[in-house]
Amino acid sequence: MTLHLHDTLRREKREFTPRNPDRVTLYVCGPTVYDYAHIGNARPPVVFDVLVRLLRRTYGADKVIYARNVTDVDDKINQKAAREGVAIGEVTARYEAAYLADMGLLNVSPPDIAPHVTDHMDAIVKQIGEIVDQGCAYAAEGHVLFDVSSYPSYGALSGRNLDDMIAGARVEVAPYKKNPHDFVLWKPSKEGEPSWPSPWGEGRPGWHIECSAMIEKTLGLPIDIHGGGIDLVFPHHENEIAQGVCAHGHAHGEASHDEYSRYWMHNGFLTVDAEKMSKSIGNVLLLHDLVQSIPGEVVRWALLSAHYRQPLDWNQGLLDQSRKNLDRLYGALRRAADVAATETDPPAEFLASIEDDLNTPGAMASMFALSSEIERAMTAGDEGAVARAKGELLAAGAIMGVLLASPDAWFEGGADEGLKAEVEELLAERVTARAEKNWAEADRIRDRLTALNVIVMDGPAGATWRLKE
């Protein structure tokens, strides 16, 4: 099957055809590094990591260029730095390091390019100048603003018209604006804030222009895929298109959108216990805290458990089920540990799902079927079938970014050798007790395992165990 992706701009699923199959380009909006990321911030990097893994499998690892930016100048960064009495670079370095460490625990592959705003001020200033030269932006009172009326296709991505935007949007009212919906490309810095030189005075860029400039500088235009959360469709990505297109004089119709990005992808919202995350109600879950007590792979599986374009409700039941699902897959691999996996591709059923707009629930169903196939083949003593199914399961896991640990490490965690030996001995005694229908002894063994913080999972080919979190 050929890869098909849902294009937000065209509102339909389209066959993916890169502009150049020898250089497939993907850009995803990355973190603003002023604090730890919350669990909703983790959904885009996990979703698009699956896409990158699939693209690299299809086109070759050296032919896919993945960029994910780092916003390291922002009002919130400035405020935190001022409160702490440190330079913004100290704040951003701290939280970028934490972000990357947390992403590593989720098995998120690092991007090929991680452009930082502070490293691309020349490119940003240059692009603003090009937009001004094209007559699509104007300078006023130290600011440079994009003139939305200069771009007839504005609103095509979000499906909004200007009247709706003015009536419903939270727009900054300022006397220097020609129109209320015009947005800032450059603004003067306040006293004590970081600033950079420009033809319009010392200042810093607006939020939207940074991505447009860094995309062009690092990847070149047009790119193949632009991704991010659904919350970025408007105004961020809508403004990106307008800037990126108008900088090169293409502000004349829908076809000009392809001059910037050929496909647009957005993941759905994440709620917590059916409520929107909000500091006011105290339900903001920081990823950094979650991965201290929950295996990152469980978090990743949970984030992929719903189709990426659908809403996802984060709750304890989701985490518990995700752990059970991974236990099932790792359990099959553990019982087949003595059989070498065949080097092979994922099965056709898995590829059909994952290439159908990243249908991860369907892909997971295929993985469960493979684990069952391993169990049946183990029971039947069919080593060839075990080797093939094991190889297919590992190949599928490589695209999903799971099953990358050894099964023993997954289940045993930090158990020392003495504990492992004791548990294995107890499990052997348990098998004997149950075979002899000595239920009192079986109960005693169960209580001992519980006291050791061990969970036992019975399967067709025997029992596996793991430590409780």
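General remarks:
- Rel. contact order, % - alpha carbon contacts under 8 angstrom, at least six apart, the stretch 120-234: 28
- Distance in nm between pseudo-label sites at F234 and R448 (7 Å out along the Cβ direction from Cα): 6.6
- Rg ratio (alpha-carbon, reference 2.2 N^0.38 Å) - the stretch 97-234: 1.18
- ³J(HN,Hα) computed for each position of the stretch 146-159 - Karplus, 6.51 cos²θ - 1.76 cosθ + 1.60, integer Hz, glycine/proline x: 7, 8, 4, 5, 7, 10, x, 8, 4, x, 5, 5, 8, x
- Percent carbon-and-sulfur accessible area, the chain, ignoring ligands, DNA and RNA, probe 1.4 Å: 50
- The chain shape via C-alpha gyration tensor axes, a/c threshold 1.5: prolate
- Annotation for S406 and E429: the two label points, set 7 Å from Cα along the Cα-Cβ direction, are 2.7 nm apart.
- Scaled radius of gyration (Cα, divided by 2.2 N^0.38 Å) that the stretch 170-234 gives: 1.36
- Once the Cα gyration tensor of the stretch 180-321 is diagonalised, semi-axes √(5λ) in Å: 35, 22, 14
- Candidate lysines - alpha carbon under 27 Å from K13, same-chain residues fewer than 8 apart omitted: K63
- Orientation-averaged projection of the stretch 251-366 equals 11.8 nm² [convex hull of Cα atoms, one quarter of hull surface area].
- Adding -39500 (n - 2.57) for every DSSP H run of four residues or longer, then dividing by how many residues the chain holds, sets the calculated 222 nm ellipticity at -14000 deg cm²/dmol.
- For the stretch 340-380, radius of gyration divided by Kirkwood radius, i.e. Rg to Rh on alpha-carbons: 1.05
- Measure of compaction for the stretch 208-272 (Cα Rg per 2.2 N^0.38 Å): 1.13
- Alpha carbon convex hull of the stretch 1-102, projected area averaged over orientations, nm²: 8.2
- Taking the average, over residues, of other Cβ atoms within 10 Å as the packing measure, peptides 442-448, 224-230 rank 224-230, 442-448 from highest down.
- Residue list for the stretch 288-321, given a label point 7 angstrom along the Cα-to-Cβ vector of E275 and an amide N cut-off under 16 Å: 313-316
- As computed over the stretch 319-391, the Cα convex hull volume per residue (Å³): 81
- What the Cβ-Cβ distance of I113 and T379 gives, at R0 = 41 Å and to the nearest 0.05, is a FRET efficiency of 0.25.
The values are calculated or read from the model by the stated rules, or taken from the named source; none is laboratory data. Remember, it's a predicted structure, so these values are computed and weren't measured experimentally. For neighbour counting, all protein chains shown are included, and Cβ atoms are generated from backbone atoms with ideal geometry for every residue, glycine included. Side chains included, ligands, DNA and RNA excluded: accessible areas come from the protein's heavy atoms. Shrake-Rupley method; radii C 1.70, N 1.55, O 1.52, S 1.80 Å.
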